[in-house]
Amino acid sequence: MTEQIIISHGMTLKRLLQDFYRVPDYQREYVWGESDAKGDGGDQVEQFLADIYGEYENITKESAPEYFIGTIVVCQGDDELFDLIDGQQRTTTCYLTICAIRDALSDLQKEIPEEMKSQIAATSVDWRGKTVSRYRLELQYEDAGNILEEYAVGKALTVPRDGTRSIRNLGNAYDTVREFVRTNFCNDADSVMRFYGYVLNKVKIIRIQTPTITKALKIFETINARGVGLDAMDLLKNLLFMHAKESDFGKLKEIWKSLNDEIYKAGEKPLRFLRYYLLASFDVDSKLREDGIYDWFQKNEKLTGHESQPIKFAQQLLEAARAYVNFTRGNNSSGAYQAGIANTQLLGGRSVKQHFIILLAGRRLPAEKFTLLSDEVEKTLFAWLITGTTGKEYERRIVDVAHKLRYVADKDFGSFLAETLRAERRGLRREFERVMNNLRSYDARQFRIRYLLAKITQHIDLQAYGPSDSRCNLADYTEGGNDIEHILPDHGDDEAVQEFGEGGANEDIIQSAGNLLLIEKAINRSIRNKCYSKKIPAYGKSKFLLTQCQASIANKEIGVADKITTTVHGLEFYPVWNVENVKKRQAFLTKLACTVWDVPEAIEQKAILD
């Protein structure tokens, strides 16, 4: 039996680029050229060059310090090309750097050394005696296409800069190198050549060569699993390939690419998705951090089956990712519009996503039950946010709900909602009322105040008129065609302040929720800073029933017992506007809010009344 030897060599970039490399098609795309959610990417290329340049500045006539850029792991194929298993980001950046320096020298009309040309492309003779022309680095994954070859042959000016993630990032990285050269060497060809000579001869790398791909993947894991290499998503991918059959690499590659594409297109952080998936799918403590995810996988193979059945696990992950991406778009797991999810985006903004943990846990529920779940999540998240519950605290509660949801039988679903999300809101009743009764527009972000007014306004319309495409879509209330109206104007004229009486210039009164209503932008423009008595006719022209009835319910009744009449009789109206009525209206909105978001009466209050 042939001894399987791992060979480790420290070498210069000059030596490194005497061999030929390829990045296998199952590897991740090139990411160093982008600025992503983690804040790295384009900055990594700039930092890479800056670190090298920092050492370059220390050279003297007699010597130059070396600079170490890390380790790469390769496995040599039967065709003598080295498969890059780890280190493709650095290697690709080094290769692009050589291409960019060559183009800079060419623009400066400097003759390009033959050695530089051979570090980009060269010929080799195979065992059959056939001469083959090759580039020193080939990217085989589909995301890159043949773009790197275009840079290799000097066509950077005509290379597409949009398209796939890798195409954009390769272009960004190349541009970063060209800008670095221009900035630091002021278009002086000799200075560029000196830097090139330093990079080639003094930048060092360790190349670890393994006899098999499996061995290379294992070394990759060892190097990167201590938090200094790749993140948990990349390490998990490597772990799956390490335990998959080589014959399954193609299938696994397709699944993983689809997974990355789904998350990337949604502009989502892969690690956030991965963490939420674990919290939703297993009994994982909410304290699990992103940097602890890989360690969790290493200890819990029996739960996930990611080693014994890597293809199956990857497919499960992809299915969850597709559902997650749908959630980011306000849809259910099958891609259909889901009001509760869409509304929660209007409430929390796109940064609040902890509730996706519950949605992931319940994504396979029948449509009717999932709708109930998403509505309950919206109501509860509003109660948490408006009462100032910290993100850390409500995430802990969300995880607890998700864990319970996984074990709920269909017949127990109603009880589950009552004992979890509805109980959460009941526990917040007193604080909810306190906050609502004292709420000012500056106490919450503007989009959340808009959501609050829109939701209450929508509730009254639905109660009176019933559902319609427009009335069921909260975005029709929150979008730009409508304004938040200050009934007592913010910066009102003298007549408005005088008519209001005491407190007419009090900012707390002006910004209180009781002084706010939703109205169409066109109507609002016509009333601006006028006094209340002059605004009343305009309020009556609004399509929103709550706004119409602000000052009077006259002419709003249709019949003795019809829905419109019943709804109108449940409203309060204010023929005059003063401090007392602002407070009364705020109390009325608080009462309405408890109904809209179904914040039940606290149990101890009930007991007293009984």
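Only the coordinates and a few stated rules stand behind these numbers; no lab work does. Bear in mind the structure is a predicted one, so any value in this text is a computation, not a measurement. Quick reminder, even Gly has a Cβ in these numbers, built from the backbone with ideal geometry, and neighbours come from all protein chains shown.
Normalising by the residue count of the chain, find the relative contact order in percent from Cα pairs under 8 Å and 6+ residues apart.
It comes to 11 percent, rounded to a whole number.
Counting Lys and Arg as +1 and Asp and Glu as -1, what is the net charge of the other residues whose Cβ lies under 14 Å from the Cβ of F447?
Computed value for this residue: +2.
So if I take the centroid of the Cα atoms in the stretch 124-199 and the same for the stretch 69-106, what is the distance between those two points in Å?
Centre-to-centre distance over Cα atoms comes out at 10 Å.
Using θ = phi - 60° and the Karplus form 6.51 cos²θ - 1.76 cosθ + 1.60, what ³J(HN,Hα) does each residue of the stretch 543-551 get, whole Hz, x for Gly and Pro?
Coupling constants for the stretch 543-551: 7, 8, 4, 4, 6, 4, 8, 4, 9 Hz.
At what distance in angstrom do the alpha carbon centres of the stretch 398-416 and the stretch 502-542 lie from each other?
45 Å
Find the centroid of the Cα atoms in the stretch 311-368 and in the stretch 429-473, then give the distance between the two in whole Å.
24 Å
Using θ = phi - 60° and the Karplus curve 6.51 cos²θ - 1.76 cosθ + 1.60, what whole-Hz ³J(HN,Hα) does each residue of the stretch 349-363 get, with Gly and Pro shown as x?
Listing the rounded values in order: x, 7, 8, 8, 9, 4, 5, 4, 4, 5, 5, 5, 5, x, 5 Hz.
When averaged across all projection directions, what area in nm² does the alpha-carbon convex hull of the stretch 177-293 cover?
Approximately 11.6 nm², given one-decimal rounding.
Under 5 Å between amide H atoms, partner at least 5 residues away or on a different chain: which partners does I85 have, H built in plane at 1.01 Å?
Result for I85 returns V73, V74, C75.
When Rg is the radius of gyration of the Cα atoms in the chain and Rh is its Kirkwood radius, what does Rg/Rh come to? Don't jump to the answer; show the numbers that get you there.
On the way: Rg = 32.0 Å, Rh = 28.9 Å.
So for the chain, dividing Rg by the Kirkwood Rh gives 1.11.
If we sort 49-62, 362-375 on the protection proxy, mean other Cβ atoms within 10 Å, highest first, what's the order?
Averaged packing, sorted descending, gives the order 362-375, 49-62.
Order of 112-118, 546-552 by packing, highest average Cβ count within 10 Å first? List each step's numbers first, then the result.
Numbers: 112-118: 12.9, 546-552: 21.3.
Final packing ranking: 546-552, 112-118.
Non-local amide H neighbours of I519 (under 5 Å, H modeled in plane, Pro and chain starts lacking H): which ones?
D483, E485
Amide H of L139 versus every other amide H placed in the peptide plane: which residues, excluding those fewer than 5 positions away on the same chain, fall under 5 Å?
Correct list: V23.
Determine, for each peptide in 406-418, 292-304, the mean count of other beta carbons within 10 angstrom over its residues, then list the peptides with the highest first.
Highest to lowest by the protection proxy: 292-304, 406-418.
Can you work out ³J(HN,Hα) from phi for every residue in the stretch 238-252, in order, using Karplus 6.51 cos²θ - 1.76 cosθ + 1.60 and θ = phi - 60°, giving whole Hz and x for Gly and Pro?
Karplus values, whole Hz, x for Gly and Pro: 4, 4, 5, 5, 5, 9, 8, 5, 4, 5, 9, 4, x, 5, 5.
Would you mind working out the magnitude of the charge dipole of the chain relative to its Cα centre, with +1 at each Lys and Arg C-beta and -1 at each Asp and Glu C-beta, to the nearest 20 Debye?
So the magnitude is around 980 debye.
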